[in-house]
């Protein structure tokens with residue numbers, strides 16, 4: 001256990017702080033688990049049945065992939081389809097999950113060895129056609145940067161972690177293994193990679209991006225959480241994680257066990273700040289109030305749900321910042337004056353993060 005983190009949390013909360021925490025938890029649960037009015041919350045069904053998330057107003061559309069390889073024990077790229085310019089769609093075989101994961105890849109312009117940046121999507125894993133490839137100009141942003149950018153399309157409601165048990169609805173999730181080991185090994189066959197890695201997560205994947213850097217088998221030169229939820233094992237964090245998984249019809253206990261299971265702390269970057277020492281860290285969040293950071297998303301359903309969700313993200317991110325300060329671990333934190341949980345905000349955070357992440361990657 002991180003004693004500095006424990007000491008930071010042991011400070012008595014003021015009434016205002018406690019009220020903010022309670023409000024954020026309620027807002028998170030309401031925003032993330034919200035169902036279509038008049039639609040009952042669906043019970044989890046088997047993988048062959050109806051995805052409960054669809055009945056809750058969250059439609060996913062998994063992309064067809066290439067058939068399994070002859071050697072299912074080795075990570076490999078099964079198929080590469082051109083998309084636009086240096087953007088391609090690669091079907092990457094995961095031995096841990098025994099399936100192909102479609103992954104958008106931005107190839108570097110130069111053939112020289114490049115660093116690898118994992119750019120992760122949010123709660124729908126991109127399977128809902130919500131993500132970096134659909135709602136931002138990230139391809140143009142990275143056009144002049146010598147880095148391979150990989151954004152897997154999959155892992156909805158998975159917390160991008162290795163689950164202890166298969167879930168009746170969400171199936172087998174071994175995303176930590178895929179991101180840390182299998183995906184980089186497979187992509188090395190597409191373009192020469194050097195030994196430098198980075199990871200950026202947004203919303204659901206913000207905390208897992210930091211966890212990957214803290215607990216992965218490989219060193220990450222940089223890690224960033226953009227409007228993420230990097231507080232996992234506190235009552236606030238448990239509520240947030242449970243709400244995210246429940247929205248997809250899954251059971252969070254299949255991921256990390258009961259609330260007394262040590263896996264909750266292992267997957268909580270705010271309890272593992274010492275293991276982040278030596279990694280360049282970037283955090284960003286906003287208080288959830290409307291503002292120009294949200295651009296055209298203002299007034300949309302995404303914005304209506306995004307305002308309270310960003311409030312919850314902001315609270316967890318501030319707690320992560322407190323833990324890093326208490327542990328004496330350097331980091332950069334951009335806390336904006338306004339902004340809801342919208343891709344207009346996320347895109348600004350991505351651009352702002354690069355002044356920290358880019359130099360660390362040498363890109």
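Read-outs throughout are calculated quantities, based only on the coordinates presented, and are distinct from any laboratory measurement. Everything numeric here is computed off the predicted structure, so don't read it as measured data. Cβ: placed from backbone, ideal geometry, glycine included. Neighbour counts: every protein chain shown.
Give me the extension gain from residue 260 to residue 337: residue separation times 0.36 nm, minus the current Cα-Cα distance, reported in nm with one decimal. Please report the intermediate quantities before stating the final value.
Numbers: separation 77, 0.36 × 77 = 27.72 nm, distance 3.66 nm.
Here the segment from residue 260 to residue 337 would lengthen by 24.1 nm.
Sort 232, 77, 329 so that the residue with the fewest other Cβ atoms within 10 Å of its own Cβ comes first and the one with the most comes last. Intermediate values should be presented prior to the final figure.
Numbers: 232 27, 77 21, 329 17.
So the residues, fewest neighbours to most, are 329, 77, 232.
How large is the Rg to Rh ratio of the stretch 52-194 when both quantities use alpha carbon positions and Rh follows Kirkwood? Intermediate values should be presented prior to the final figure.
Details: Rg = 14.9 Å, Rh = 15.6 Å.
That ratio is 0.96, to two decimals.
If the chain between residue 96 and residue 219 were fully stretched, how many nm would it gain, using 0.36 nm times the residue separation less the Cα-Cα distance?
On the way: separation 123, 0.36 × 123 = 44.28 nm, distance 2.09 nm.
The span from residue 96 to residue 219 would gain 42.2 nm if fully extended.
Let me have the relative contact order for the stretch 72-173, percent, based on Cα pairs under 8 Å that are six or more residues apart. All intermediate terms of the calculation are to be shown ahead of the outcome.
Values: 178 pairs, mean separation 25.0, N = 102.
Value for the stretch 72-173: 25 percent.
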